[in-house]
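Shown next, in structure tokens, is the structure this report addresses.
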Amino acid sequence: KNAEMEYLKAKLIYDSLFVENSPEKARLNMGFCWLYIYRKNYEAALDYCNQGLAMYKKFGMEETLDCANLYGMFSLVYSHKHDLNNAFYYKEMELKINQELFGKESSQVAFIIGSIAGIYQSQSKFIDAKNYYNRVLNLQLKIFGETNLNVAQTYSSIGSLFKELSNIDSAMFYNMKALKIFETIYPNGNDNTIAMFDNIAELFLSTEDL
């Protein structure tokens, strides 16, 4: 409720500073989208997303990073609504703009491909999820090299995918790879290393050879 009050205050300020249907107000609408997603009021979130998109179209900003981020917001809302067709449509729109702005081999593009993999996994479409995780992993290795947080997190995600498939050996393999990177980056440990130890222990407990 406090967040909603802050956004309403911001809206009043923006109303006094900017003309109706301005790019600045479109950005504020994204804040309301986040707010209503958090409150699980997805229809209200979509309403603000559509208002923002109409403003970006009016000002010829459909190929900008702002609009790409808005498409990502659309995808998030539709994912929560379990509308995969629209979720992937808007995610592909976000991906297309980021590829044009930053190139196909960029960290921004890798992040979006990873989020597509996550959507597939959340919907138990494991083959598609694995294909996208492999795409993002290959891209991240090319951009960052092996010892990188993004790579470790992708290994961890692939591990969780194999765990859902009850492929314990593969799950263990990828979790161990993630742990090795986290331990290299954080030799004194942190939340990531603790989470990986927990995952690995859980995998051990799920086997019969205790």
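The values are calculated or read from the model by the stated rules, or taken from the named source; none is laboratory data. Note that the structure is a prediction, hence the values are computed from the model and not measured. All Cβ positions, even for glycine, are placed from backbone atoms using ideal geometry, and neighbour counts span all protein chains on display. These accessible areas exclude ligands, DNA and RNA; they are computed on the full protein's heavy atoms, side chains included. Shrake-Rupley method; radii C 1.70, N 1.55, O 1.52, S 1.80 Å.
Annotation note: Cβ proximity below 7 Å between a residue of the range 177-188 that is farther than 9 Å from Leu149 by Cβ and a residue that is open to solvent by 70 Å² or more (accessible area, probe 1.4 Å) (sequence gap 6+ or interchain) occurs for Thr184/Thr147.
Can Ser107 be described as buried (at least 17 other Cβ atoms within 10 Å of the Cβ) and small (Gly, Ala, Ser)? It is false that Ser107 is buried (at least 17 other Cβ atoms within 10 Å of the Cβ) and small (Gly, Ala, Ser).
Scanning the range 136-148 finds no residues that are buried (at least 17 other Cβ atoms within 10 Å of the Cβ), on the phi < 0 side of the Ramachandran plot, among the aromatic types (Phe, Trp, Tyr) and in contact (Cβ under 8 Å) with a residue 12 or more places away in the chain.
Can you give me the number of residues within the range 156-204 that are hydrophobic (A, V, I, L, M, F, W, C) and not in a helix (DSSP H, G or I)?
Matching residues across the range 156-204 total 1.
If the condition is being open to solvent by 40 Å² or more (accessible area, probe 1.4 Å) and closer than 22 Å to Ser122 by Cα, then the range 24-81 contributes Trp34, Tyr38, Arg39, Lys40, Asn41, Tyr42, Glu43, Asn69, Leu76, His80, Lys81. Out of all the residues in the range 84-104, is one or more of a type in the set (A, V, I, L, M), farther than 15 Å from Cys49 by Cα and either touching an Asp or Glu at 6+ places or on another chain (Cβ under 7 Å) or open to solvent by 40 Å² or more (accessible area, probe 1.4 Å) (or both)? Within the range 84-104, one or more residues are of a type in the set (A, V, I, L, M), farther than 15 Å from Cys49 by Cα and either touching an Asp or Glu at 6+ places or on another chain (Cβ under 7 Å) or open to solvent by 40 Å² or more (accessible area, probe 1.4 Å) (or both). The single residue among Phe162, Phe126 that is over 23 Å from Ser107 (Cβ atoms), within 19 Å of the chain's Cα centre (by Cα) and open to solvent by less than 80 Å² (accessible area, probe 1.4 Å) turns out to be Phe126.
Within the range 165-186, the set of residues being farther than 16 Å from Val136 by Cβ, of a type in the set (Gly, Ala, Ser) and open to solvent by less than 60 Å² (accessible area, probe 1.4 Å) comprises Ser170, Ala171.
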